[in-house]
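The values are calculated or read from the model by the stated rules, or taken from the named source; none is laboratory data. Note that the structure is a prediction, hence the values are computed from the model and not measured. Glycine also receives a Cβ, built like all others from the backbone with ideal geometry; neighbour counts cover every protein chain displayed.
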Amino acid sequence: MKTIVKLLRKPIAASILAIAVGFLIAAIVLAIAGYAPGPSFAALFNGMIGKPKYISNVVIKATPLILTGTAVAFAFKTGLFNIGAEGQYVTGTICAAIVGISCDFPPVLQVPLVILAGTFGGAACGALVGWLKAKFGINEVITSIMLNWISLYACNFVVNVPAFHQPESTSTYAVNPSSYTMILPKWKLSEEGLATLKGTPWLYEVLVKTDVNVGILIAVACAILIAVLLKRTKMGYEMRAVGLNREAAQFAGINVNRNIVTCMLISGALCGLAGALAVTGLEPHNISTLAAFENNGFNGLSVAFIAGSSPIGCIFAGFLFSGLIYGGQSVQQVMGAPSDIINIMIGTIVFLMALSQVVPMVADWLERREKGVANA
């Protein structure tokens, strides 16, 4: 019993239980709908890791989720709720596309320029939300939601600007090839590259059949840096202090308003970076008219919740979320089961993570019960 109580007190316990219950609920829904849970889950995992190209696509799709999830988790750790991750992501794609189309420098200059443009775009949106809260006390949830829609319509406006609009389409021109962050984009499609890669089938699948790029390395590095910033630096200590008790932090001499703006700026920058990496790393390397949100930012909210607002946890949660979304297509293709069942599973996991404080309460109850039995 002591071992169980000890395990339940660990922060990761709530995540593991939430994921387990999520799969259980999905199994029940599958069975009620007339689909065998075992083969359905087999199809799900096969769609995630069955082929090298599947694994590569899961990694590619995890990149924006890790970054936006880390952005939301970072804001939450500092007492802010960045529900505007989607708009900041979209702003990042807009700025990256504009600079990537307008400029054509050598890759060593072009790539950092385009990525920084997207990062600054997201940072500006986040900083605006933080400034409005610090200066006028306007709740960040309201302003960030409104900025989501402003970003969507700004994207549609830019797409239709004659200088960027690709004729007879609903998209802009692609950014210049010098902006690409894909791995060996020219060589892998050349005759020499194809001949070389065909000798290694798994590498051929990963490089030629997917848009594998350096984004995942940047995403993981950012998550680690944010974790270090929060735990190992004076700035991170001040930010966490503001998040825990704003009045006490101010009494201790911490500049609360500056920290609010800085926190939202960093959070927005991570989302903008995710948008920039999507433009530079994925075909068709442009932005299109949006009828609705693509949900890379909103899914980041779920990733942050699954991770328990841990930046490092967002790495694993991002891979899990990406795998469920990508592998869920196989459940529909192989079993004929609706992919909405995967959404039910994800929703259940997120819902249970919102109740994560129940797990320590269960541990306390088990401990009290054990003591009561011992005393009797």
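In the set Cys314, Cys271, only one residue is buried (at least 17 other Cβ atoms within 10 Å of the Cβ), within 24 Å of Ile12 (Cβ to Cβ), hydrophobic (A, V, I, L, M, F, W, C) and in the same structural domain as Ile150 (by TED's automatic domain parsing); that residue is Cys314. Applying the criterion of being within 20 Å of Leu116 (Cα to Cα) and part of a loop (DSSP other than H, G, I, E, B) to the residues of the range 161-183, the residue that is nearest to the chain's Cα centre (by Cα) is Thr181. Do we find a residue being under 23 Å from Gln110 (Cα atoms), part of a helix (DSSP H, G or I) and assigned by TED's automatic domain parsing to the domain that holds Ala291 anywhere in the range 191-203? No, every residue in the range 191-203 fails to be under 23 Å from Gln110 (Cα atoms), part of a helix (DSSP H, G or I) and assigned by TED's automatic domain parsing to the domain that holds Ala291. The residue that is nearest to Ala174 (Cα to Cα), among those in the range 81-115 that are surrounded by fewer than 23 Cβ atoms within 10 Å (Cβ to Cβ) and polar (S, T, N, Q), is Ser102.
Within the range 292-308, can one find any residue that is surrounded by fewer than 24 Cβ atoms within 10 Å (Cβ to Cβ), in contact (Cβ under 8 Å) with a residue 12 or more places away in the chain, in contact with a Pro (Cβ under 8 Å, 6 or more places away or on another chain) and in a loop (DSSP other than H, G, I, E, B)? The answer is yes, given that some residue of the range 292-308 is surrounded by fewer than 24 Cβ atoms within 10 Å (Cβ to Cβ), in contact (Cβ under 8 Å) with a residue 12 or more places away in the chain, in contact with a Pro (Cβ under 8 Å, 6 or more places away or on another chain) and in a loop (DSSP other than H, G, I, E, B).
Conditions tested, residue by residue: (1) farther than 30 Å from Glu283 by Cβ; (2) of a type in the set (Asp, Glu); (3) touching a Ser or Thr at 6+ places or on another chain (Cβ under 7 Å).
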{"residue": "Leu132", "(1), (2), (3)": "yes, no, yes"}
{"residue": "Ile142", "(1), (2), (3)": "yes, no, no"}
{"residue": "Met146", "(1), (2), (3)": "yes, no, no"}
{"residue": "Ile150", "(1), (2), (3)": "no, no, no"}
{"residue": "Phe157", "(1), (2), (3)": "no, no, no"}
{"residue": "Val161", "(1), (2), (3)": "no, no, no"}
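The criterion of at least 2 residues that are within 19 Å of Val350 (Cα to Cα) and modelled with pLDDT under 85 is met, among helices (runs of 4 or more DSSP H) falling completely within the range 1-54, by 11-33. Collect the residues in the range 138-175 that are among the charged types (D, E, K, R) and either in contact with a Gly (Cβ under 9 Å, 6 or more places away or on another chain) or within 22 Å of Glu86 (Cα to Cα) (or both), keeping them in residue-number order. Residue satisfying the conditions is Glu140 alone.
Residues are listed down the side, and each one gets a yes or a no for (1) polar (S, T, N, Q); (2) modelled with pLDDT of 95 or more; (3) outside the structural domain of Tyr173 (by TED's automatic domain parsing); (4) more than 14 Å from the chain's Cα centre (by Cα):
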residue	(1), (2), (3), (4)
Leu67	no, yes, no, no
Ala71	no, yes, no, no
Gly79	no, no, no, yes
Asn82	yes, no, no, no
Gly87	no, yes, no, no
Thr91	yes, yes, no, yes
Ile94	no, yes, no, yes
